[in-house]
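Colleague: Supplied in structure tokens, the structure appears directly below.
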Amino acid sequence: MTRDEERLLRRAIELAAQARAGGNPPFGSLLAAQDGTVLAEERNSTLTDRDITAHPELKLARWAARELDPATAAATTMYTSCQPCGMCAEAIARSGLGRVVYALSGAQLDGLKPPGSAFVAPPAEGPALYDEASLPVKGYYT
Ligand SMILES: [Zn+2]
């Protein structure tokens, strides 16, 4: 990692501290162009917005998909204070961002949380009703 990249990653950590100071979970992220220009910054706002999806990485992915053309998005790097969660990782993939650089890993984050604080997915059932469910999908992805 270059010194410029470390500077951008430190900015993401600073945004995480700002999120915490503002009453939210401590996570921050930014999106940078290839030359290091910061295009957008976000802080976690899940508590103040009362929105479980208000992770900074997801907000940046949505912004990039809305505001950047695909080539520009592919040339960006997201610098984020923590490895993106599954929700954000999928949004980042869908938004076409070029690269992600993170500080804390998900495992390191888990080590900083009290035991038993992980999210538990509910039981899921399926597949079912293939013939009916596939009708509106067939022919869409051609
Ligand atoms: Zn997330």
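No value in this document is a laboratory result; all are computed from the given coordinates. Predicted model, so just to flag it, every value in this text is computed and none were measured. In this analysis, Cβ positions are derived from the backbone assuming ideal geometry, glycine residues included, and neighbour counts consider all displayed protein chains.
Colleague: Taking Rh as the Kirkwood radius, which is the inverse of the mean 1/r over Cα pairs, what is the Rg/Rh value for the chain?
Modeller: Details: Rg = 17.6 Å, Rh = 16.6 Å.
Reported Rg/Rh, Kirkwood definition of Rh: 1.06.
Colleague: Sketch the reach of a paramagnetic label on THR48 as a point 7 Å from Cα along Cα-to-Cβ, and name the residues of the stretch 10-25 whose backbone nitrogen lies under 14 Å away.
Modeller: Correct set: 15-25.
Colleague: Hey, another quick one. Sort PHE119, PHE27 so the one with the fewest other Cβ atoms within 10 Å of its own Cβ comes first.
Modeller: Details: PHE119 8, PHE27 27.
Ordered by Cβ neighbours within 10 Å, fewest first: PHE119, PHE27.
Colleague: Out of all DSSP beta bridges in the stretch 1-109, what portion is antiparallel? Express it as a percent rounded to 5. Write out the running numbers ahead of the final one.
Modeller: Working: 9 of 14 bridges.
If we restrict to bridges inside the stretch 1-109, about 65 percent are antiparallel.
Colleague: Taking the chain as a Gaussian network, where each spring joins two C-alpha atoms under 10 Å apart, which residue of SER81, SER95, SER117 fluctuates the most?
Modeller: Maximum among the listed residues: SER117.
Colleague: I'd like the distance separating the alpha-carbon centroids of the stretch 110-136 and the stretch 7-84, in whole Å.
Modeller: 26 Å
Colleague: Which whole-number percentage describes the relative contact order of the chain, with Cα contacts under 8 Å and a sequence gap of 6 or more? Mind showing how you got there, number by number?
Modeller: Numbers: 219 pairs, mean separation 26.8, N = 142.
The normalised contact order for the chain reaches 19 percent.
Colleague: Taking the highest mean first, how do the peptides 124-130, 37-43, 58-64, 71-77 order by number of other beta carbon atoms within 10 angstrom per residue?
Modeller: Details: 124-130: 6.9, 37-43: 18.0, 58-64: 22.0, 71-77: 16.3.
My ranking of the peptides, most packed first, is 58-64, 37-43, 71-77, 124-130.
Colleague: Calculated FRET efficiency, LEU129 and ALA33, Cβ-Cβ r, R0 35 Å, to nearest 0.05? Spell out each step's value before the answer.
Modeller: Details: r = 46 Å, r/R0 = 1.31.
Once the sixth-power term is evaluated, E becomes 0.15.
Colleague: For the stretch 32-110, what is the charge dipole size about the Cα centre, in debye to the nearest 20, if Lys and Arg each add +1 at the Cβ and Asp and Glu each add -1 at the Cβ?
Modeller: Details: 7 positive and 10 negative charges, 18 e Å.
Rounded to the nearest 20 debye, it is 80 debye.
Colleague: Using amide H atoms built 1.01 Å from N in the peptide plane, name the residues 5+ places from LEU104, or on other chains, whose amide H lies under 5 Å from its own.
Modeller: It is CYS82, GLN83, by chain and number.
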